[in-house]
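The values are calculated or read from the model by the stated rules, or taken from the named source; none is laboratory data. No experiment lies behind these values; they were computed from the predicted model shown. Ideal geometry is used to build each Cβ from the backbone, glycine not excepted, and the neighbour counts take in all protein chains shown. These accessible areas exclude ligands, DNA and RNA; they are computed on the full protein's heavy atoms, side chains included. Shrake-Rupley method; radii C 1.70, N 1.55, O 1.52, S 1.80 Å.
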Number of protein chains: 4
Amino acid sequence: MIINMHEGATDQEINHVIERVREAGYQAHVTRGTERAIVAAVGSGGRRHELEALAAAAGVMDVVPIAQPFKLVSRQVKPQRTVVNVSGVSIGDGSFAVIAGPCSVESREQLFSTAKAVKAAGATLLRGGAYKPRTSPYEFQGLGLEALRLLREVREQSGLPVVTEVMSTEDVDVICDHADMLQVGARNMQNFALLRRLASTKKPILLKRGPSASVKEWLLAAEYLLAGGNPNVVLCERGIKTFETETRNTLDLASLALARELSHLPVIADPSHGTGRPTLITPMSRAAAALGADGLMVEVHPCPERALSDGPQSLDFTGFSHLMRSLAEPLRANGTASAAAAD
Amino acid sequence: MIINMHEGATDQEINHVIERVREAGYQAHVTRGTERAIVAAVGSGGRRHELEALAAAAGVMDVVPIAQPFKLVSRQVKPQRTVVNVSGVSIGDGSFAVIAGPCSVESREQLFSTAKAVKAAGATLLRGGAYKPRTSPYEFQGLGLEALRLLREVREQSGLPVVTEVMSTEDVDVICDHADMLQVGARNMQNFALLRRLASTKKPILLKRGPSASVKEWLLAAEYLLAGGNPNVVLCERGIKTFETETRNTLDLASLALARELSHLPVIADPSHGTGRPTLITPMSRAAAALGADGLMVEVHPCPERALSDGPQSLDFTGFSHLMRSLAEPLRANGTASAAAAD
Amino acid sequence: MIINMHEGATDQEINHVIERVREAGYQAHVTRGTERAIVAAVGSGGRRHELEALAAAAGVMDVVPIAQPFKLVSRQVKPQRTVVNVSGVSIGDGSFAVIAGPCSVESREQLFSTAKAVKAAGATLLRGGAYKPRTSPYEFQGLGLEALRLLREVREQSGLPVVTEVMSTEDVDVICDHADMLQVGARNMQNFALLRRLASTKKPILLKRGPSASVKEWLLAAEYLLAGGNPNVVLCERGIKTFETETRNTLDLASLALARELSHLPVIADPSHGTGRPTLITPMSRAAAALGADGLMVEVHPCPERALSDGPQSLDFTGFSHLMRSLAEPLRANGTASAAAAD
Amino acid sequence: MIINMHEGATDQEINHVIERVREAGYQAHVTRGTERAIVAAVGSGGRRHELEALAAAAGVMDVVPIAQPFKLVSRQVKPQRTVVNVSGVSIGDGSFAVIAGPCSVESREQLFSTAKAVKAAGATLLRGGAYKPRTSPYEFQGLGLEALRLLREVREQSGLPVVTEVMSTEDVDVICDHADMLQVGARNMQNFALLRRLASTKKPILLKRGPSASVKEWLLAAEYLLAGGNPNVVLCERGIKTFETETRNTLDLASLALARELSHLPVIADPSHGTGRPTLITPMSRAAAALGADGLMVEVHPCPERALSDGPQSLDFTGFSHLMRSLAEPLRANGTASAAAAD
């Protein structure tokens, strides 16, 4: 940490800061410039928050962190990339995982027909919501346990591992029994009680970036999972909130690339929520593939105009099949190049 | 809802939309312009989501909602303002509630001295965190149950009702036993499992606006509470995430005023999180008072530079006392004027 | 500046940075921590950009500025507050300036009736657009020279100094001949050619904050004017672009307060553009008055629903008169308190 | 336009709106729902702003535009894609244009060596700033006319057409004499005086998206150029301002794809400003190529750590050469696929 003193800071104030830095378990190195003094807190193993609180001490202008706040998710700690195994399907091993399926499980017919169609087109995992986070209490909230049972059944039939969202600590056990991978939705990215509970399960977790989360906050949310004992984490960029309203969110592919640079965890893109417009899903999927993303998550529905949720951004079977074909070439091009660039 | 057809939409596509509007339980009124057709879905009691999904139908450009999506929180449904009673202290009755106290409960001495100081300066409720949502797993996470016990004890001694944050459905019962008002933090504003659980408690709830939540999303989160049976909701504007980094968040006072215009619920401001800078807390508190806010939430600590969390944005006792004195005049000025304007 | 080296930076890389810091005209102080080295560049009078470019040197993680980049606008350089005299009306002297009038000058009748009404209600300056920045080329672009002539005429008749926007270096001379204060619109805040030209005029300038400008960028735009020789600058906060679309912009009153804290220049608020909603103009004006703003800019039109521009956010005469009455009390309350707080 | 009436709107208010719609040159179609009335203004050739101003009329809740506000830039008006010819180099014809060079022209040696290097690596146009928009008046402002002369000279020698930024109407003529394409910088995107002047030149224009401009505002800025008589416009996405500070801006590739969907103009990406981080330039360039962008603009400098501007985000010759090689495969993959998808 660097503690910047105000221009008019007195010797007494500077000495107080030095003393507090030492109390916090660090060495203090002072640089006195012509205009102001700077105190560098050096060392590891000290109490970081005590340094941060010095922003409130007399004579201090601000406190600037130097080291990254995350550890276990960092490539400095673990340079080799993590591969997450989801019931036999690997994410992060250089292949390109495609998670596809309906926003919500609505019926057996809807789920099974979609599973069949996305598998035929090349998807490697199936998604489907049982418990749905909905902005309004008057919207469809998901079929709950009935949906979980359908998911377990369709997994047996199709052979596709199943991903579904968990919204509450109370649902963790039952979802673990029925699904292969648990998704933490964007609005729950900093639901720390939920993260702590999931850390103890060892199940693969798909951690979506919050709509106003910085890359650092996203990685720190993942740090909760790793620090709690669960290394099986896949990150998912799904767009951030910005002033642009023509797209539902702003899919931030540079942050996806940056997360892969800073962390060893696999990172995938969700162009369905990221754009909210069917015509943009294919171009953004191609872009994600070309920059080295580890996969995609895409919403597919037999009849988007009759979907109970997210219909406007869902692809129908033909659209999904077209998307998968359009990815073949960028992925081939990607091959050795991006794998080399990424590692 | 208005369904805007594309310029080249065929009669077949328009007729399909008309048919679907009727299936969804609405009347369809068509306006054929020189360039495009517009279908208005009229009526109430239909299935709104079926109209929204029509955005995915062939020939449809977009679907534009007309009516506000919230009901019970709306002033159209309940014109008179709600007054929330927190163990004898009213919020929303034209008085100006001041909730003050430390970010986290750190010790008996810290909590009791703060309670005494803020009460003497004029605070009407006491805040103090027991379970803390922290960006990093390596930061202080709160004293938990020990903090709750201290809060109950300090309430007895000081007579100030106590507000503390709830982060998980599993903690709801124990917090209800110890505190007078439960705070839903900004990062949990759309933790719908938690909202549903809190709706069943009838306890006063302080619902913070999420850092990327629009006013509509915020009011819809409150709608979960009211629809679930708990009318005792106070809204709290605590700043949104924007590009400006000189302040921790951007305190959006216009949205505070707008929330009071659209809803009958009381709305207060949190200038501590809203600005993150002690020098801005007093001016923004005065501004909130002048525009008709129902109160404030402010972080106060005996020694901010030794706080275990949020020290840099906490006021010390002198600073808080100065803040309270500076509010006297705008509040007097406010008196009849803003009360009249608000209602 | 602090140059943070990467963890694995070699001695050669660190020495190269030290050498470059010295070449740039600074002293280099090195702190070697357990994990990484930090090089502090100390001194004044060096070439700042050469330090910034070191972010591209081998082994460098990032370069963090310590000192504020602005000088002449800073209260560190000039602690006493600036008072700008606009043809006899002072802004920044503790009084509360109210600039009111139509978005665009549309006709003699419209302009003269508005001037009369706003003067009667207590406005101290008159605004009116002659050259209008419009998002679309098909919108009303202003009456140009004809409007300027009307502005000069109404000034004679009403005695109110006149503020109008300048969009191009080519119009500076003619506008200086007709108006008392020149406004730089939000979209031109970083039109540096225009700023340089205006710096040479000595005329009072109203510098609006750009919709995506940070406080620092805003103050640096003002620095162009002061560095070029024109100290007569009034800053105007008019809202920034955020994800919230219920309001036209997000009026950032905390940044207004911060700009007054960092700079000696007067700062006013524009709640018309800042909110875009007539019902929010009065509450936000009261808030601005209470936190110590130096004044307001408000759009007023005889018949908003017939305005050629910005009708939806304009007050009619009655609305403006009501606004002015509602300000009386917060301003009286403000009196000594905020003046004392500000200086 | 749809004019939504308030729930309590009276017949008199509704009739007034109908009358005003007709006065504005449109037909009025009224739909009376159970809760509120809707007035649709139908037809073309009316005065759009008179409808917009009705938002201020009594009983009106809001006015929602249906038709897109731009015309000449729209693919509805001109379905076939525009190809812009820059002194023999085509942009928008399915090839992938690469504009490379230094942020600022600093010296003959710097410019000529860069031109040679980028041409050898495959760049098709050369960039170099003569007049620089700098946030601070104390930063390097460009060599001006001397830089223009060097640009003209290097063009003769290298054969690469030259792109340089124009900041002021007063510089338009001299820049037209020396450069092949004029760039309008992000901060001048809504400098309408400049756009109008450039519309009269017929020179190819590179129009950067403003940091807070929506796609619609960006296309409307281009509309100024086309409506003024200059069809030779290339759009450039260079990142928007968001809360994420790890990257300099947020490169919004979905908006790039959307601009190509809505408009027939070529659209390129600027990953240098878009990310501000050298390690992200190659992945984002690959992404842009894969989604069908018409080209790139990239900053290249012989020695980034000695650059007078934008060093931290510039590639050196080796880095640029590596970038160009990494594009070969996605562009080959792109070939027929994206061309087909785009048209």
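Take the cross-link list C:K78/D:K216; A:K71/B:K132; D:K132/D:K203; C:K132/D:K241 and give me the ones stretching past 32 Å between alpha-carbons.
Pairs exceeding the cut-off: C:K78/D:K216.
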Just give the residues from region A:162-178 buried by at least 10 square angstrom of accessible area in the all-chains context relative to the isolated chain, probe 1.4 Å, and say none if nothing qualifies. A:M167, A:S168, A:T169, A:E170
Please quote Rg/Rh for region A:150-284 to two decimal places, taking the Kirkwood radius as Rh and restricting both calculations to Cα atoms. 0.98
Considering only the other residues whose Cβ falls under 10 Å of the Cβ of C:T247, what net charge follows from Lys and Arg at +1 and Asp and Glu at -1? -1
Which Rg and Dmax, in Å, describe the Cα atoms of region C:49-175? 21.5, 68
Å² of accessible area per residue within region D:169-213, as computed with a 1.4 Å probe and no ligands counted: 25
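Could you tell me the relative contact order of region D:2-64? Use alpha-carbon pairs under 8 Å, at least six residues apart, and round to a whole percent.
On the way: 107 pairs, mean separation 29.6, N = 63.
Relative contact order of region D:2-64: 47 percent.
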Could you pull the copy-to-copy label distances for A:T245, with points set 7 Å along Cα to Cβ, in nm to one decimal and sorted shortest first? 0.4, 2.8, 2.8
With every protein chain left in place, what is the accessible area of B:R196 in Å² (1.4 Å probe, nearest 10)? 110
Out of D:C303, D:C236, D:C176, any idea which swings most in a Gaussian network model of chain D, alpha carbons joined below 10 Å? D:C303
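If you wrap the protein assembly as shown's Cα atoms in a convex hull and average its projection over all directions, what's the area in nm²?
Working: hull surface 177.5 nm².
Quarter of the Cα hull surface area: 44.4 nm².
Quote the relative contact order of region D:116-199 in percent (integer), defining contacts as alpha-carbon pairs under 8 Å separated by 6+ residues. Before the final figure, lay out each step's value.
Values: 102 pairs, mean separation 22.2, N = 84.
The value is 26 percent.
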Please give the residues of region A:252-294, grouped as numeric ranges, whose backbone N is less than 12 Å from a label point set 7 Å along the Cα-to-Cβ vector of B:D62. A:277
Please give the Cα centre distance for region C:174-220 versus region A:40-79, rounded to the nearest Å. 40
Mean shadow area of region B:2-64, taken as a quarter of the surface of its Cα convex hull (nm²): 3.5
Among C:T275, C:T169, C:T135, the residue with the largest mean-square fluctuation in a Gaussian network model of chain C built from Cα contacts under 10 Å is C:T135
Springs between alpha-carbon pairs under 10 angstrom, Gaussian network model over chain D: which of D:D93, D:D316, D:D177 fluctuates most? D:D177
If I compute solvent accessible area with a 1.4 Å probe over the protein chains, what percent of it on the protein assembly as shown is carbon and sulfur? 49
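Summing Lys, Arg as +1 and Asp, Glu as -1, what charge do residues with Cβ under 14 Å from the Cβ of D:G8 carry, D:G8 excluded? Could the numbers behind the result be given before it?
Details: positive: B:R75, D:R32, D:R36; negative: D:E7, D:D11, D:E13, D:E35.
Within the 14 Å Cβ shell, the charges total -1.
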Plugging the Kirkwood radius over Cα pairs into Stokes-Einstein for region B:84-342, at a temperature of 25 °C and a viscosity of 0.890 mPa s, what D comes out in µm²/s? 137
From the label point of B:G25, set 7 Å along Cα to the beta carbon, how far off in nm is each other copy's matching point, shortest first? 4.4, 5.9, 7.3
Residues other than D:A213 with Cβ under 11 Å of its Cβ, Lys/Arg counted +1 and Asp/Glu -1, net out at +4
Ignoring ligands, DNA and RNA, how much accessible area is buried between chains D and B, both sides summed, with a 1.4 Å probe, to the nearest 100 Å²? 1900
Residue and distance (whole Å) for the chain D Cβ nearest the axis that superposes D on C: D:S212, 2
Compute the relative contact order of region A:84-342 as a whole-number percentage, counting only Cα pairs closer than 8 Å that sit 6 or more residues apart in sequence. 19
Suppose we compare each residue of region B:239-269 in its chain alone and in the full protein complex with a 1.4 Å probe; which ones drop by at least 40 Å² of accessible area? B:K241, B:T242, B:F243, B:E244, B:E246, B:T250, B:A254, B:L258, B:E261
To check you understand DSSP bridge types, tell me what percent of the beta bridges within chain A (both residues inside) are antiparallel, rounded to 5. 40
Determine the dipole magnitude for the protein assembly as shown: charges of +1 sit on the beta-carbon of Lys and Arg, -1 on that of Asp and Glu, nothing else is charged, the reference point is the Cα centre, and the result goes in debye to the nearest 20. 0
Would you mind listing the distances between the C:E146 label point and the same position in each other copy? Use 7 Å along Cα-to-C-beta, nm, one decimal, shortest first. 4.8, 6.8, 7.8
